[in-house]
Structures are given as structure tokens and as C-alpha cells.
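Please treat every number below as a calculation from the coordinates, not as lab data. Just so you know, these numbers come straight off a predicted model, no measurement behind them. Note that each Cβ is placed from the backbone with ideal geometry, even for glycine, and that neighbours are counted across all protein chains shown.
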2 protein chains.
Amino acid sequence: MIFRQEIEESLTLKFAHLAAERRKKGLPIISLGLGEPDFKVPEEIIEATVQILQTSSAGYSSPMGISSLREKIAFKLLSENNIPATANNILITPGAKQAFLLALMALLEPEDEIIVLNPSYVSFIPQICIAEPRAKITIIDVRKSDFSVPIDHISNLVSSATKILILNSPNNPAGYIFSKEELNKLFDLAIKYDFYIISDEIYEKLIFTHDPHLSVGSLESTVERVLTVNGFSKSHAMTGWRIGYLCFPQSLYQKLLKLQQHINTNTCTLIQLALDQAFYHDQSYLTVYNNKLASRAAHLTLTFKDLHPTRLILPKAGFFAFVNISHLNMDSNTFCGKLIEETGVATTPGVAFGSNWDDHFRISFATSDENLDKGLKLIRKFVSKFK
Amino acid sequence: MIFRQEIEESLTLKFAHLAAERRKKGLPIISLGLGEPDFKVPEEIIEATVQILQTSSAGYSSPMGISSLREKIAFKLLSENNIPATANNILITPGAKQAFLLALMALLEPEDEIIVLNPSYVSFIPQICIAEPRAKITIIDVRKSDFSVPIDHISNLVSSATKILILNSPNNPAGYIFSKEELNKLFDLAIKYDFYIISDEIYEKLIFTHDPHLSVGSLESTVERVLTVNGFSKSHAMTGWRIGYLCFPQSLYQKLLKLQQHINTNTCTLIQLALDQAFYHDQSYLTVYNNKLASRAAHLTLTFKDLHPTRLILPKAGFFAFVNISHLNMDSNTFCGKLIEETGVATTPGVAFGSNWDDHFRISFATSDENLDKGLKLIRKFVSKFK
């Protein structure tokens, strides 16, 4: 394949690696980098995995996913998200990231235009380039003032050449949530110009305000143009396990089946069987966790409110704060590089999420209150020098 | 991506699915289709996995693989295969299949020529088309008389446009093993014409004759032009777990790192930690298993010796027998279709492994002796009708 220059090393992983190297050398590190929930994988899932290990060979399984797990996921999408999914719409993948990639591979053809809203998850654009090196990528930035979506701007840019619009709400890195009005307008555009929407909803369970999560897929009566990506990494703390899924229209069945067969054979049978068995476990830990996230978000907001000239729009979901440092006159790589060098605090440069976001940096607050407190104090001290 | 017509539904999986459907309907099925070892995952690995589940969060891990597991794999390649690998040459992937795909993605560019020896594993050619839709695929068939490699024919076809030669020894579906002389000649061609070799050695532990397994990677003094693919599916019965690895030259490090980051984030941490912990488990079960395979292979040979007009070249490794049915005047899909329809015996049509092999069919003997016995009796009866 042609390696377009957009296929960069993931900056989130690069800074995580830098932090690990510092730690190895015995230097202090406060990691506010990666987005890994700081709660444990639910005990029911651990127990189910142990049981499967002791009773099943967990050999080859169906490429599309184990049917009873596909059924449970479809029912979850129907009952919680109002997405008209059946088991036939579900593909189970090694991580939501790969669900996203397979969707792109099944849809994108040379010269197709695809619209990405920035700031965006670090792998969206590289994955587009992997799926189809000759795709035409149109970047649209949300407004820096309030992270709102410039619908009119999008309306002006879409055309009959538009094949896909990528959405990610709740958003990483900016923590915003689409309003119902925004989603309706975007969906209307999709109908009018006949394009697909791929909606990454991996942060849906980590909302700590009263804003509701709305799935754009709920606006259709059968799954036709909206592909929904989700998984168990953020809601179940199963990050390293790699388990996610795609809800896709039937027209893509053959392509996705072939891709899955030739790329994965099947997604890890053991993990699928365990999730299937423990699917309806107690999820009250999410309420507890979201309360923690709300309190940390408040802490962040207070910190940056006083820390001129930085600016922070309160995140509503996820565990990231995306801080505006435009008045510091420093690019984000320099800022994050100096920050880790001088204080040991690892964060992620804004440019990782889009070239127009080199005046932001991302803080993960998926960490202990103590760690966050220490990190914020050091950031405050560091920023104060540049006032 | 462009879906070339070569990206077909995997016929092995399709026939396995047909068999499962028949079984659901309550019809008898004797599966001689898929290649899944009929021994259990080593107890040490199960125990290690349980322990990791109970003690570790198994969260995100290094994209290239957990370093101590990479070290152990490199040492295995060095000590067992004479491949000059270090941990830096190792990428751990969700299955050997994906190791193979990532190697192709890192290497292949538009118009590159790649040579595949047929009969070949069902996913090789589809994966080439996924990795680079504009690759030029040259197919060379091994000799039908003895599955020997037509080195002279290959010499005539390679040129400066040749980028990669794919090798798979021990071979699926034909069960042959390259001789030292063949490997030396192929490696000399690789030097002369400056191309890469991707060597799939997943069946190396399932050899039941006295033929030695030789890794073509052992012919280099540093890993430069040979990429070795292997995994734990066949040697550890961990088929459904999806864990494999690639040994690659350092020049590909950046490309593979980026591909892995944006496709997988990391390979399942839990499974890597368990394998790392139980890496040096007792492998005497392999001797026991290979003795079983030898006895089944002998049974197959005796069966087909008397079953004119079919012909079977004794497999030396793996658990597949590739039977010549050219004198039956029936294409392999028809043969396997009628066979499953009339007798309930599921096998795989030869055409799945190359268009010139439509006069063969594949029998998996990774099944109980009883099952194999029943299946062979039914095949004998079925074939006898066409004499």
C-alpha cells in the first residue's frame, strides 16, 4: 500500500512511550496521557472468562462473531440507542478501532470524498489512508469558541462526491456531545447528498452531565446509511483485551465477511464467550465512575479558569480536557515536550488531533484524584512562567 | 479499497459453515474440513491466563508486543530455527494471518510483482489484494506429480520487478516440506533479484516424518530480506485465541509500528501476558500428537492407494491430505458439494487453493481416529460409484 504522510506514528502512543522511558530511568512521571479507565474490569466478566477457560476449547468461531453475542449487542443497540439493529447487522472485531477500519475498507473507493470533523481521534485519518490511499479527505474544524459544529460550513462542502461523514460524539479529545438538532441536520444532509455516516460512540457510557447521548443511527428505520462503532474498552475497562463491534447495513455484509475472514478469521473466541455469558452484569460502577469524572472535570475547570492565558471549555463526557493554549505562542508539541521534560507530566499535543489544533493540548483525567491534583499543580506552575 | 475479484469468501470457512448448517438441521456431519488441532490448549497456558485475569488489569500494552514475550519469541527463532532474530525484529499480532497481512501492507506498492506458489493457503491471495489492490500476482504451481517446486520455472519468471516471494513450508494444503536444496536455490534467487521472502511456518511443529523443518530465514546473517510468520494456533491449539507473530527486518520498523498502532493498538494484552508466563511449558504433547498424525496419514495413504482413480501423495506435515481426483472428471466444488450432500462428509474443494487445483480436494485429519475412519469409509463408497 501507499503510505500517505498522514499515516503518522500515533502521538498519543508516542508520548505514552516517552513517559514509560522516563519512568524506566527512574525519573518521576505523572501520566495524564492515555485514555484508560481507572476502574477494574467488572468481576462478572473476569469470572466468566475463567469459567470459559476451564470448560471450553475456545477454538475457531464464526467470522462475524458468536451469534448469541451478536444478538445481545443488537438488542442493546435497539433498546438503549434506538438503532434498528438485528444480529445480522453486527460484526464483532478486535477493538472498536478495527471495526472503524473495516467499515472504511468496505466503503471507500479511490477518489471518494470523506469528511472528518476535527479535532478527531488520532487514528481516524491514518485509518482512512490505510483503507483507501486515494481517498479525498476534507477536514472541517468545530468552532474553537464552543466546540459547536459548523453545519452551514459542512452544507457548503458536501456534494455528490461525498461518500462518508465521520462523527464522534461524545468526542475525543474535546469532550463535547452533539445536540439533537445538530444530529438531525447532519442526518438530513446525509439523505440529501446520499452519503454514509460512520458514528464512533465509544464514550457513550462516560457522560457526567445531564446531556443525553443520541445515536445518529436512531434516525433511520432500518440500518442503511449509518454505521455505528462501539466496544467494551471504555465502558468495561477492557482496553487491552481488544473487543469492539460494528453495526452495518446489510448491503455491506459480503464485503465485511470477506474482510473479516481474511484479516482476522474470527475475533478472540474466549473473550466473546465470556462477554456473552456476563453480558447483563451489574453496571452501577458506571454511575460511581461518572461521579468521579464529574468532580475531576470540575477541578480542571476551576484550575484553568484562573490560569490565564489558557482556556478550557468544560468537557461533558469521556475523560479528556482539551485546553486552549493559543495565547502562549507555543506549538503543542513544544509545549507538551517542555512540560514532560521540566515537570514529568505527560499529556498529548493538540496537533495529534488535527493540524489546526496545534494551539491546544489534551489532559486525560482517567487517573487517580491524587495524580490529577499533582499534575494540575505542576501544569499551573509551568504555565505561570509564560504569563 | 478496490475489491479485486480474488477476494473471495474463504471456501474453507464456507464449507465449514455449510457443515454447521447441516448439523443445526439435525443432519449427520463428519467434518474433515477445518484445520483445528484436536488436542487441548496446554494446561500451563490456561493456568497462566487465569492467574493474569486475577492479578492484572491487562490494559493497553506496547503496540509491537510485550517486550519479554518478544524476547522469548526471538530466542525461540534463534535457538530452534537459526533465524538471527532479536526482540526488535518481532511484532506480535492477533493471529499469524494478520502478521502476514501487515507484512504485505508494509512491503507492497502499486505495480509490485509478487510470486505465490500454488496450491496455497486460502487467504494469501485475498490478503495481497487487500494490502495492495494494484499488485501484480504471479502464480506458480508446484508439480502435480510430487509437489516439488519448479525452481527453473521460478528462475525464468522472476525479474527486477519481483518484490516478494511467498513460501509456506510445511505446506497447507499439500503437506509437503521444502528440502534444503530447494530453500537454498530460492534464497539465491532472492539475493540475485533483490526481493523479499515471506515464509509462513505455522505448521513447523506438526511434522510426522523424519524430514527436518528448515527456516529460509536461517540463511541470512541478519534479518534483512526474509520475513517469518508464525504463531500459536497450530502448535498450542490456540486457534480461536488469535495470537501470532512476524519476524521482520529493521527497515520496516516504522511502517509496521504505524500499521499496528492504527489497526490494532496492541494485540490482546491478557493472552500475551499468559503466553509470556507459560512460554517454557512442557511440549511433549506434540510428540504424542505427531504420532497420531503419522498413523492417520498412513491410514489415508492406504485408503487412497486402493481407491482408483484418486491419487494421494503422502503428506509429511500438517494435518491435511490433498487428494488428486483428476480422473473423476468433476470439478472440486461439485465433488465436495455432492460429497457433503450425499454422505455428510465435509471437506474442502481444491480450487480454494488455486485455480489449477480444481482437480483436487482437501481432507483434514485433525479429527478423532473414529471420525476419520467413518469419513474415509463414506468417501470410499462415494468415489467408488464414479469408477
Legend entry - Spacing of the two label points (7 Å from each Cα toward its C-beta) at A:E370 and B:S355, in nm: 6.7 nm
Inset, instruction - Anything over 29 Å Cα to Cα? Flag those among B:K72/B:K144; A:K144/A:K338; A:K136/A:K258, in the order listed. - result: B:K72/B:K144
Inset, instruction - Give the order of B:V158, A:V229 when sorted by the count of other beta carbons within 10 angstrom, beginning with the fewest. - result: B:V158, A:V229
Inset, instruction - Could you work out how far the C-alpha centroid of the stretch B:139-167 sits from that of the stretch B:1-74, in angstrom? - result: 31 Å
Inset, instruction - Evaluate E = 1/(1 + (r/R0)^6) for A:R23 and B:T86, where r is the Cβ-Cβ distance and R0 equals 25 Å; express this FRET efficiency to the nearest 0.05. - result: 0.60
Legend entry - Position A:N184, label points 7 Å along Cα→Cβ, spacing to each other copy in nm (shortest first, one decimal): 7.8
Legend entry - Cα lying deepest toward the dipole's positive end in chain A, options A:L302, A:T162, A:L252, charges on Cβ: A:L302
Inset, instruction - Using only the alpha carbons of the stretch B:287-345, determine the length spanned along each of the three principal axes and report them from longest to shortest in whole angstroms. - result: 38, 22, 16
Inset, instruction - For B:A298 and B:N329, compute 0.36 nm times the residue count separating them, minus their Cα-Cα distance, and round to one decimal in nm. - result: 8.5 nm
Inset, instruction - Report the longest stretch of chain A that contains none of the chymotrypsin sites (Phe, Trp or Tyr not before Pro) sitting in a DSSP loop with at most 16 other Cβ atoms within 10 Å. - result: A:40-279
Inset, instruction - Once you've got the GNM for chain A with C-alpha springs shorter than 10 Å, pick whichever of A:I207, A:I90, A:I191 has the biggest mean-square fluctuation. - result: A:I191
Legend entry - Bridge type composition, the stretch A:57-277 - antiparallel percent by DSSP, nearest 5: 30 percent
Legend entry - Extension reserve of the A:K377-A:E47 stretch, reckoned as 0.36 nm per residue once the Cα distance is removed: 114.8 nm
Inset, instruction - Quick one: what are the phi-derived ³J(HN,Hα) couplings along the stretch B:194-208, Karplus 6.51/-1.76/1.60 with θ = phi - 60°, whole Hz, x for glycine and proline? - result: 6, 10, 8, 10, 9, 10, 8, 10, 4, 9, 4, 8, 10, 10, 10
Legend entry - Position B:L157, label points 7 Å along Cα→Cβ, spacing to each other copy in nm (shortest first, one decimal): 4.7
Legend entry - Order of B:L300, B:L78 under a 10 Å beta carbon neighbour criterion, fewest first: B:L78, B:L300
Legend entry - Copies compared at B:E224 - label distances in nm, ascending, label defined 7 Å from Cα in the Cβ direction: 5.9
Inset, instruction - Let me have the relative contact order for chain B, percent, based on Cα pairs under 8 Å that are six or more residues apart. - result: 24 percent
Inset, instruction - Equivalent ellipsoid semi-axes for the protein assembly as shown, as square roots of 5 times the alpha carbon gyration tensor eigenvalues: give them largest first, rounded to whole Å. - result: 47, 28, 25
Legend entry - Alpha-carbon Rg with Dmax, taken over the stretch A:57-277, Å: 16.6, 55
Legend entry - Least to most buried among B:D152, B:D211 (fewest other Cβ within 10 Å first): B:D152, B:D211
Legend entry - Calculated SAXS-style log₁₀ I(q)/I(0) at q = 0.08, 0.12 Å⁻¹ - chain A, Debye, Cα scatterers: -0.41, -0.95
